[in-house]
Each structure stands twice: as C-alpha cells, then as structure tokens.
1. Measure of size requested: the Rg and Dmax of the range 109-196, with Cα atoms as the atom set and Å as the unit; please supply both.
2. Determine the calculated [θ] at 222 nm for the chain from helices alone, applying -39500 (n - 2.57) to every DSSP H run no shorter than 4 residues and normalising by the residue count; nearest 500 deg cm²/dmol.
3. How large are Rg and Dmax for the range 245-432 when calculated on the C-alpha trace, in angstrom?
4. Determine the gain in length on full extension of the stretch Thr493-Leu227; use 0.36 nm per residue of separation and subtract their C-alpha separation, reporting nm with one decimal.
5. What's the exposure ranking of Tyr352, Tyr84, going from fewest to most Cβ atoms within 10 Å?
6. Compute the label zone of Val134 within the range 52-68: residues whose backbone N is under 15 Å from the point 7 Å along Cα-to-Cβ.
7. Run the quick spin-label model on Lys100 and Asp182: label points 7 Å from Cα toward the beta carbon, then report their separation in nm to one decimal.
8. Per 10 Å bin, what percent of the C-alpha pairs of the chain does each bin hold, from zero upward?
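Coordinate-derived values only; no laboratory data. Keep in mind that this is a model prediction, so the values were computed, not measured. Cβ placement follows ideal geometry from the backbone for every residue including glycine, while neighbour counts extend to all protein chains displayed.
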Amino acid sequence: MLYSKLVDVYAKLEETPSRLAKIDAVASLLQESDSENLPRIVLLLQGKVFPSWSEMVIGIADKIVIKIVATATGFPESAVVRSYRETGDLGLTVEALMGKKQQQTLGFKHIDIEKVFKNMRKLASVEGKGSQEVKISIVKELIMHSSPLEAKYIVRTSLGQLRVGVAEGVIRDAIAKAYFPDKEGDDKKDAIKAIEWAWFLRPDYGEVACIAKDKGLDGLKKATLELGKPFHVLLADKAPSLKDALESYDNLQIEQKFDGARIQAHKDGDKVWLFTRRLENVTTQFPDLVEMVRKGVKAKRCIIEGEAMAVNPKTGKPMAFQALSQRIHRKYDIARMTKEIPVQLNWFDIVYLEGEQLFDKPFKERRRLLEKVIKATLGKFQLAEPLTTKDLKKAEKFYQEALYAGQEGVMVKNLDATYQPGKRVAGGWLKVKPIMETLDLVISGAQWGTGKRAGWLGSFLLACRDQASGEFLQCGMMGTGVKEKKTAETDITFKDLTDMLKPDIVGEKGSTVRITPKIVIEIAYEEIQKSPNYDSGFALRFPRLIRLRPDKSPEDADDIDRISLMYKQQKGGR
Ligand code: AMP
C-alpha cells in the first residue's frame with residue numbers, strides 16, 4: 001500500500017477535531033489494508049514502529065534531522081534552523097522547503113508503507129561508530145522519494161512527534177467500525193469490550209487489529225497472555241478510609257502498600273522477563289532479580305506480580321522510590337548499581353501458571369497458588385505479608401505499622417474477586433493512604449520564570465485526562481514543591497523539570513509554552529474548586545509537587561471523572 005494513503009489519513013486526522021470523523025478515517029484505511037500491512041499501519045498511525053512495550057525506540061535527534069533536511073532539500077543548515085525557529089516543527093519546515101524546491105526536482109517516486117516502516121525500524125537498530133551517517137542516509141532516502149507532505153510526516157515520525165492526535169481509544173473504536181460495521185447498541189459495546197480485552201492481554205493494537213480481521217469477535221474474546229509480552233495489570237481503587245475499605249468486602253485480606261515499583265515477572269524455563277506497570281521491559285536493568293526469579297520460583301512457566309523496592313545495603317531498610325528509579329533507568333554500569341542499590345521483591349499475585357490463565361480464579365485461590373510457587377528468602381524475595389481481618393482495631397494497627405515502616409499505606413483486597421486486567425474496578429483492590437488523596441497529573445504547559453527563576457520554567461500547567469476524548473484538560477498552575485537548589489537527594493529543582501520538559505515544548509507565546517503531555521507528577525493540594533479559568537472546569541487550590549511518577553504514562557494520569565468525584569466527596573457527598 002502506498003504511503004500517500006496513510007498520509008491522506010494523517011492530514012484528515014490533523015484537520016478534524018471530531019472524534020467520529022477520526023474514527024471513520026482510520027476505519028476506512030484499516031478496511032483497505034491487507035493483513036501484512038495492517039500491524040504496520042496501526043503502529044504508524046500512532047507515530048510508532050514498535051509497540052510501546054518494546055525496548056526499541058527510533059531515537060533520532062533534532063540536530064540530525066536538521067542535517068537531513070538540509071541535504072535532502074539542498075538548503076543550507078542555517079536556512080533550515082531559521083525556518084524551524086518559525087514553525088517550531090521540523091515536519092512543517094521540511095514540507096515548506098521541499099515545496100519551494102519542487103520545481104527543480106525531477107519529481108518523486110511514490111514510496112510504500114513497507115519501505116517507510118522498515119527504514120524507521122532500521123533507525124532504531126543502528127548503533128556505535130558511524131551510526132549518525134547511517135541514520136542520515138536512511139531518512140534521506142525516504143525524503144528524497146517523497147512529496148513535501150509525505151516528508152512532513154516522515155520527519156515527524158522519525159522524531160517521535162507525529163502530532164496527529166489519535167488516542168488509543170480512537171484506534172480501538174476504528175477497529176470495531178472496520179471489522180464489525182453492522183454491530184449496533186449493545187452488540188457494538190460487546191465488540192469494543194472484546195477489542196479492549198485483547199489489547200489488555202496483547203498491548204499492541206496492530207496485533208489486535210490482525211486478530212479482529214482474521215479471527216473475528218471470537219478470536220478477540222479468546223486472546224490469551226503470551227510469555228515474554230507484558231499485559232495491562234489490574235489497578236486499585238481509592239477508599240476514603242480504612243473503615244470504608246473494611247466494610248466494602250465480605251472476605252478480605254490486607255497487605256502493606258509498598259512504596260516501590262510494580263513488576264510483572266514472566267518465567268519460561270530459564271528465560272525471565274521483567275516489565276514495569278508502564279509495560280517497559282526492564283529485564284536488563286535487574287540481573288539480580290532475574291536470578292532470584294530463576295532460583296526462587298518453583299514453576300516452569302508463570303507470570304507473577306509484585307512490588308520491587310530499593311533497600312539500603314547496610315541497614316536492609318527500604319530506600320526512597322528515587323533510588324529504585326535510578327535502577328530502572330540505568331543503561332550501563334548495571335553490575336555496580338546492583339550492589340549499591342539492591343532490591344527487595346514483595347510478590348502479591350499470580351495470573352498465569354503452567355499454561356493456564358488464572359484471571360477467573362478468585363484472589364483466595366490465586367494467593368494459594370502464589371504461596372506454592374514462591375520459595376521465599378526473607379528480606380529479599382518474599383510474599384506480601386497478609387492480614388486477614390475485618391476488625392478495625394487490628395487493621396489500624398497493621399496500617400500504622402505499614403506507615404511506620406515507610407510504606408504508603410495498605411491495600412485491602414477482596415478474596416472473592418477475580419482478576420480484571422487493565423481495570424481499576426470497584427470490587428477488587430482498595431488502597432488506603434493517609435493524606436488527602438494526591439492526584440497524578442500531566443504537565444501540559446508552563447511559564448518561563450522571572451527573577452531568581454529566570455532561565456527556568458517557573459510554573460507549570462497541570463492537566464488531567466478526559467477518557468472520552470483522550471485529550472488533556474487543564475486544572476491548575478503549580479510552582480510550589482519545586483526547589484531552587486537541591487538540598488536532598490529527593491528534591492526536584494526547576495532546572496530538573498526544565499531539562500526534562502524542554503524537548504517536549506511544542507509552542508511558545510510570550511513567556512508561555514505549550515508542552516506535549518508526557519511527564520506525570522504526583523500533586524497534593526488543599527481543595528478542589530470549581531473554576532471557569534481552566535477547561536476541566538476545576539482548579540486545584542494550592543497544588544504542590546510531591547514527586548515525579550516516572551512509572552506512569554500520561555494514559556495512567558487521573559481523569560476528569562475522578563476529580564469530579566473527589567470534588568463531590570470533599571463536600572461530604574453532597
Ligand atoms: P497507585 O499507584 O497509587 O494507583 O497504587 C497502586 C499500586 O500500588 C500498584 O500498581 C502497585 O505498584 C503498588 N502496590 C504496593 N503494594 C501493593 C500490594 N500489596 N498489592 C498491590 N499493589 C501494591
């Protein structure tokens with residue numbers, strides 16, 4: 001299939017704000033595609049060439065793209081940079097410059113989707129000496145054979161900034177429309193549910209689209225986990241108080257809510273994979289944990305879930321989340337890091353055992369299987385200690401002990417509940433934490449600081465998710481909690497945030513910048529107020545940065561429905 005077909009759809013998506021129109025455009029493209037191109041198209045529509053859980057990223061920098069655009073269009077680099085300053089988008093720059101040059105070129109060949117996809121994938125695998133030249137030639141080859149409009153999207157894809165706004169929900173609904181066009185009402189809901197279910201277990205809509213096309217609804221409903229590929233985990237709901245949580249379930253178990261990072265470990269014989277909650281593959285970063293899983297799991301094939309915590313090698317006490325975060329992001333010197341920041345694993349669930357998926361089994365049964373499978377080593381590799389009681393006094397003591405041990409609070413789990421992948425469902429897990437519930441929000445804009453904060457972004461626009469549209473809605477400005485100077489390891493400075501956010505700035509007007517929502521931060525606040533100043537309709541009063549949430553992606557940020565619910569709850573349910 002020609003790349004120009006996909007480009008037509010990109011252009012439509014960019015043009016229309018209407019969700020339905022977007023779904024229509026994507027659905028017709030999917031319908032036209034053969035099975036071979038389908039997974040490529042679905043990834044490219046999301047601006048990607050690898051599923052989000054893959055370790056591979058395209059990874060090409062602005063600097064290199066400027067060089068490519070210069071050589072491909074024949075304009076000097078200075079002209080490219082000048083145009084880039086004006087447009088703020090190298091895609092628009094290449095389109096404009098190629099447009100100017102077009103009379104002089106001999107005309108372009110039409111490139112196909114396969115060629116673009118394969119070249120983009122190649123970009124991710126070139127490494128080491130001379131890799132810059134190779135990357136330049138890979139992208140240049142594509143641009144030389146493209147129309148100006150095609151070049152715009154090739155450049156944006158290579159930078160990882162497609163900017164056409166197809167949220168995952170749009171892809172999901174487009175798959176439904178493309179392959180189950182006759183379904184209406186409840187049948188349509190059923191189809192969408194089946195697509196979502198398949199995606200929870202196989203988090204790559206390219207793969208899901210192929211299942212829908214080739215195996216239909218039944219195939220989607222029968223989608224299964226695959227060892228070595230991550231799945232979307234069950235999430236916890238928030239309880240207003242411990243008492244409320246205890247009253248929620250007939251049979252329950254309380255566990256500490258460890259302050260670490262969730263890990264799903266897959267084991268297939270000697271082979272082990274580790275994934276975070278954001279489905280990142282962190283196997284290479286944790287050779288110590290891989291070894292512990294090999295030795296400490298008495299099953300040939302299984303998927304277990306737990307919370308990893310960094311522990312101080314001298315005292316054996318838990319360390320701040322930031323220490324673990326260093327391990328998660330470390331790409332070199334891993335052996336030394338393993339010694340300096342050892343990890344402790346607290347396992348709390350099992351979802352797959354010796355070929356059998358365990359989602360339908362009640363938690364009680366899953367816990368029993370987990371206990372059979374784990375060969376514990378105290379303080380290193382252990383089961384989350386359970387307390388089975390509905391007695392408030394005993395539960396409160398356990399809760400206080402958890403807090404005293406530096407944990408976040410407790411999890412109250414329904415022993416009769418099945419496991420629902422990808423969902424934050426009432427009836428499964430309830431988390432109880434002491435403070436006014438914090439919110440996980442994204443940064444969607446900022447203002448350059450003045451005075452002491454000059455040169456840094458000084459205040460940050462917070463946004464929550466709107467599940468329906470996939471957009472982010474503003475709900476406050478925050479500057480508190482960010483430090484001018486680092487005095488403790490856990491401090492986040494204006495410089496830290498500025499460095500982190502700068503690459504995602506997509507527009508600038510006066511001292512205000514727009515930022516692609518990528519960074520998720522945890523925010524504490526005094527109160528939620530109604531406000532006409534922000535498009536969410538709410539404003540946080542005195543928002544304060546608690547910490548970064550690198551374990552969460554923007555899709556995991558809290559949504560407008562939650563804010564609205566919390567707004568009502570703070571008024572005593574009125
Ligand atoms: P939150 O990130 O605040 O939504 O809380 C849910 C997270 O708590 C899970 O994704 C886990 O990473 C973490 N967690 C810590 N301890 C437990 C536990 N005992 N059971 C389940 N999740 C836990």
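1. Using the Cα atoms of the range 109-196, the pair Rg, Dmax is 18.2, 57 Å.
2. Computed ellipticity for the chain at 222 nm equals -12500 deg cm²/dmol.
3. 16.3, 49
4. 91.7 nm
5. Ranking Tyr352, Tyr84 by Cβ neighbours within 10 Å, fewest first, gives Tyr84, Tyr352.
6. 57-60
7. 5.6
8. In whole percents, the pair-distance histogram is 3, 15, 24, 28, 20, 8, 2, 0, 0.
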